[in-house]
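Asks: Dropping the structure in here first, questions after.
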Amino acid sequence: MTQRNEWILETIKLVSSEIRTLGPDEREALSDLESALDAAEAELDDRTSQLAELLGLSRQGMRALAHGAQVDFDGLADAILGGMVTAEQLLTSELDPMRATLARLACDALRSALPAAPSREAREEVGARTADVEPVAEEEMAFNLLPDDHDPELMAEFITECRDYIQKAEVALLSLETNPDDDEAVNTVFRAFHTIKGTAGFVGIDPVAKVAHHAESLLSRIRDHEIRCTGGYADLSLRSVDALKDLMQALQDALAGDVVETPEGLEDLLRLLADPEAAGITGEPSVDGDLAVPRLGDILVAEGRAGRADVEATAAGQGERLLGEALVQSGVASAGDVARALRTQKRLAADDRTAESSVRVRTDRLDRLINIVGELVIADSMVSQDAVVISGGHLDLVRKVNHTSKIVRELQDLTMSMRMVPLKATFQKMARLVRDLGQKSKKAAEFITEGEETEIDRNMVDILNDPLVHMIRNAMDHGIEPPEEREWLGKPRKGSVWLSAYYQGSNVVVEVRDDGRGLNREKIVEKALARGLIESEKGLSDSAVFTLIFEPGFSTAEQVTDISGRGVGMDVVKRAIDSLRGRIEIASAAGEGTTFKIRLPITLALTDGMLVKVGRERYIIPTLNISMSFRPAPGALFTVADRGELVMFRDDLMPIIRLHRLFHVVGAVEDPALGLLVIVDDGRNRCALLVDELLGQQQVVAKSLGGSIGKAPGISGGAILGDGRVGLILDPFAIIALAGQGGNTNERIAHLMPA
Amino acid sequence: MSTISQVAKRPSPGTPEGQGSSVAGKYLTFFLKGEEYGLEILKVQEIIGMMTITPVPRMPESMRGVINLRGKVIPVVDLRLKFGMEVAEQTDETCIIVVQAQGMEMGIVVDRVSEVLDIIADDIEDAPALGADVDTDYILGIGKAEGRVRLLLDIVKVLSTNEVVDAPTVSDSADE
């Protein structure tokens, strides 16, 4: 951006921030703003642009305000503010049709506000404030969300953009939780509400504009340090964000042609926002002081690196130098300490300034691209494995084929990365959940996230959301003890919930951990016995017992709370993880807490598979389900009358499933000692699948078998193999169930074992 | 894979209106064990030569398996087995008709494809009752054009009804 433009931007920002705080009787300041706008207009390169028009109109409006012309002050001020916001957008981003339309609308709003006739927005503004007069405004409030003449594309853009802002506001509000005096975060929230209000006004979505307007007023009080973003005020802000979210959803439904109703509690919220104190909302002040980002000196003092008096003295005499520099020079603090403190300060002040430039692409297009690239990879491997190429006689051809393959691989990596999104947004939602749950259940818990930059397939993010919600609810409700109990147990009053993610091989591991009571083995066993899930706990390992909680309707909670304990939840978790082709493990120690470990493939588009041969057929077993494969010694095989075959491996006894028998394949290896056993396990059941041999590991694009065949037993889908034929992907769990080994294998084995 | 012919999907303009007209129109005719059958041309996507079919275990016998149709996995049904006839030896003329019904693609294996025929309403008779043993639900009618008799099939019904001959069920083929 040119220096000149930057200067104009500064002016615009100044006008935006000033105009709403000035009243009709502050003529002088208004005149100053007017001349500032005048100067900004003069600096513009292109006098014919929309920007120039906007600035010109705003300047006229400002003049009208400054000279006390017969105008509706608030209406005009709002219109100017809208103009400023649009102008800012025009300056800082590229001109696209959306912005152009917004600019045009802003100009219209300004024009209609100018000649004493209040604009639509202004009229509504007045209606909202005095809550009487114009019945028209009231009627608009009756839920006809979409204006009659709306432009669907513009609306869709509007929704997407608002959602962006809502998310930003939410993040900032949450960071305000830990640091209510972070001015930058307050501003972010303020700006978000402000922009939403402006845009909503232009496109004519009054309820949105109204909520945003009132929320903005609340935030402006916070920004002006009149109140602090704590307690009731923080809740109110978050509720506003929620209301906006609901409205966006309603809007989207309305766009899709559904009949929408006023989101619940909207009126209540508006009333609360209009006068929070009247409803008894306070910020329940916790800590004194209204500092923004902590000052460098304060950090040093708090960390015990320097005395307050010394710092104050240095600060008083720092003159032109920076405080850090002054502190080091005067020997109050070491350079290392100052650097560390500066880093702390920076971290505290940081917000997401790391905006990456991006293009929005429709997901179905992306999916198609990824699919086609998947095909390309297979087609490429068909070429490179062609008899002519591997015969070795055509060096030149081989070189060219290799070159193509390399490019194809790169293209594949790139397309795969295109649908990867960081888990950050999901983790942030959970932070919100912990906060809300903590308040509801009167338990304090610290929420610690790690590895939120870990990326997974965007299609998986939504599915992962529900299980995480359930697990965190469980952790908060059943895991973390009430503060008094924790104190009595000698634990810190505040519980902790960790949510972390990291890569492990070609998997992503997501862990939910709490330092609460841990799972109660006895209680689970008792319940499982009562429900007939197991016959005895003999021979059951801890992890086998814990996985029982994934059974539908299983809950050991003594009482049902409104958070969890109705016995639904963990089976949902298991099902969701299964659908993501992932696995879940539980580790827990009584009194120390519980850890859920979810292992997921990075993407659903590709499956890491082991190609195995059974007779003439080839099958793909997902690598994630395979724990190992081995050729058994004849002595390790047992048959138990009527109970099937078993194999002993490393002191572990497990049933053998003969794939050839299950799938009626002829010509397969019948003697396990001559074939290979592949151990698959789903956390509870371990089985050994008998195959002829392993043909190699391969990434495949999983596809449904299509049509009526979609539910083939034991088969999760198909994939095109290197030779162009279809290979079937096995679903090990379904196979275990199919082979009649369902129920609890360990328990069955326990029965079989000699006493 | 060789594409023998690609059949354009365009409604025939000369479809006569009136009684029985719902079944009149263009049909792709093919042979199964010497008998000629007809299949609404609008349901046909393409005809491909026979290719390697990957069998899917524990499916009814007539479900021969799945094939790779230019990167798409589609199921293939053997119409002979579906109608309870014995399996035919594969010849050069054996081919797979890819039909598109209710948004799904599916292949059907036939002995030989014959021709595309315009059958007018006058040449179509209602499906006769062939006794309790023969389910005539999937027969649209009987075409008698050019002095030959062709069974006109409602392919969607054919593919969605169960086997004429019961296929092995999951329970009796379980392990051990």
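The values are calculated or read from the model by the stated rules, or taken from the named source; none is laboratory data. Small disclaimer: the values here were computed from a predicted structure and weren't measured. When we count neighbours, we look across all protein chains shown, and the Cβ atoms used for this are built from the backbone with ideal geometry, even at glycine.
Asks: Quick check on segment A:203-236: of everything there that is under 26 Å from the mean Cα position of the chain (by Cα) and closer than 15 Å to A:Asp181 by Cα, which residue is surrounded by the fewest Cβ atoms within 10 Å (Cβ to Cβ)?
Replies: Among them, the one singled out is A:Gly231.
Asks: Checking A:Ile222 against (1) in a helix (DSSP H, G or I); (2) farther than 16 Å from A:Ile166 by Cβ; (3) in contact (Cβ under 8 Å) with a residue 40 or more places away in the chain, which test does it fail?
Replies: (3)
Asks: Starting from segment B:55-67, take each residue that is at positive phi and list its partners that are of a type in the set (S, T, N, Q), counting only C-beta distances under 6 angstrom and pairs at least six apart or across chains.
Replies: Hits for this filter: B:Gly65/B:Thr54.
Asks: Go through segment A:600-627 and give me each residue that's charged (D, E, K, R) and in contact with an Asp or Glu (Cβ under 6 Å, 6 or more places away or on another chain).
Replies: Of everything in segment A:600-627, just one residue is charged (D, E, K, R) and in contact with an Asp or Glu (Cβ under 6 Å, 6 or more places away or on another chain), namely A:Lys613.
Asks: Of all residues in segment B:19-65, which are among the small types (Gly, Ala, Ser) and under 16 Å from B:Leu152 (Cβ atoms)?
Replies: B:Gly20, B:Ser21, B:Ser22, B:Ala24, B:Gly25, B:Gly38
Asks: Looking at segment B:36-85 only, could you name the residues that are among the β-branched types (Val, Ile, Thr) and more than 7 Å from chain A (Cβ to nearest Cβ)?
Replies: B:Ile41, B:Val44, B:Ile47, B:Ile48, B:Ile53, B:Val76, B:Val77
Asks: Which condition breaks for A:Ile299 when tested against (1) hydrophobic (A, V, I, L, M, F, W, C); (2) over 28 Å from the mean Cα position of the chain (by Cα); (3) assigned to a helix (DSSP H, G or I); (4) modelled with pLDDT of 75 or more?
Replies: Every listed condition holds for A:Ile299 apart from (4).
Asks: Kindly check whether there is at least one residue in segment A:375-386 that is within 29 Å of A:Tyr503 (Cα to Cα), in contact with a Leu (Cβ under 9 Å, 6 or more places away or on another chain) and in a loop (DSSP other than H, G, I, E, B).
Replies: No.
Asks: Next question. Just give me the residues in segment B:86-118 being farther than 20 Å from B:Thr54 by Cα and within 14 Å of chain A (Cβ to nearest Cβ), in sequence order.
Replies: Scanning segment B:86-118 gives B:Gln100, B:Ala101, B:Gln102, B:Gly103.
Asks: Quick check, is A:Ser579 modelled with pLDDT of 80 or more, surrounded by 21 or more Cβ atoms within 10 Å (Cβ to Cβ) and of a type in the set (Ser, Thr, Tyr)?
Replies: So A:Ser579 fails the test.
Asks: For segment A:647-663, name all the residues that are within 13 Å of chain B (Cβ to nearest Cβ), more than 13 Å from B:Pro57 (Cα to Cα) and among the hydrophobic types (A, V, I, L, M, F, W, C).
Replies: A:Ile656, A:Ile657
Asks: Of the residues in segment A:688-701, how many are more than 12 Å from A:Ser629 (Cβ to Cβ) and crowded, with 23+ Cβ neighbours inside 10 Å?
Replies: The qualifying residues number 1.
Asks: Can I ask one more? When segment A:664-675 is examined, which residues are found to be surrounded by fewer than 19 Cβ atoms within 10 Å (Cβ to Cβ) and more than 14 Å from every other protein chain (Cβ to nearest Cβ)?
Replies: Matches in segment A:664-675: A:Val669, A:Asp671, A:Ala673, A:Leu674.
Asks: Those residues that are within 18 Å of A:Ser500 (Cβ to Cβ), out of contact with any Pro (no Cβ under 8 Å at 6 or more places or on another chain) and in a loop (DSSP other than H, G, I, E, B), I need them from segment A:418-461; list them, please.
Replies: A:Leu423, A:Gly451
Asks: Out of the residues in segment A:378-415 meeting the condition of being surrounded by 12 or more Cβ atoms within 10 Å (Cβ to Cβ) and either touching a strand residue (DSSP E or B) at 6+ places or on another chain (Cβ under 8 Å) or hydroxyl-bearing (Ser, Thr, Tyr) (or both), tell me which one is nearest to the other protein chains (Cβ to nearest Cβ).
Replies: The qualifying residue nearest to the other protein chains (Cβ to nearest Cβ) is A:Ile378.
Asks: Would you be able to say whether some residue in segment A:469-486 is in contact with an Asp or Glu (Cβ under 6 Å, 6 or more places away or on another chain) and at positive phi?
Replies: No, because not a single residue in segment A:469-486 is in contact with an Asp or Glu (Cβ under 6 Å, 6 or more places away or on another chain) and at positive phi.
Asks: Exactly one of (1) under 25 Å from B:Val66 (Cα atoms); (2) among the charged types (D, E, K, R); (3) over 42 Å from the mean Cα position of the chain (by Cα) is unmet by A:Arg618. Its number?
Replies: Evaluating A:Arg618 over (1) under 25 Å from B:Val66 (Cα atoms); (2) among the charged types (D, E, K, R); (3) over 42 Å from the mean Cα position of the chain (by Cα) leaves (3) as the failure.
Let's see how each residue does on (1) at the interface with chain B (Cβ under 10 Å from one of its Cβ atoms); (2) modelled with pLDDT of 90 or more; (3) assigned to a helix (DSSP H, G or I); (4) out of contact with any helix residue (DSSP H, G or I) (no Cβ under 7 Å at 6 or more places or on another chain):
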position: A:Gln697; (1), (2), (3), (4): no, no, no, no
position: A:Leu705; (1), (2), (3), (4): yes, no, no, yes
position: A:Gly724; (1), (2), (3), (4): yes, no, no, no
position: A:Ile729; (1), (2), (3), (4): no, yes, no, yes
position: A:Phe733; (1), (2), (3), (4): no, no, yes, yes
position: A:Ala737; (1), (2), (3), (4): no, no, yes, yes
position: A:Gln741; (1), (2), (3), (4): yes, no, no, yes
position: A:Asn746; (1), (2), (3), (4): no, no, yes, no
position: A:Ala755; (1), (2), (3), (4): no, no, no, yes
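Asks: Only residues that are within 14 Å of chain B (Cβ to nearest Cβ) and over 20 Å from A:Leu695 (Cβ atoms): list them for segment A:614-640, please.
Replies: Correct list: A:Thr639, A:Val640.
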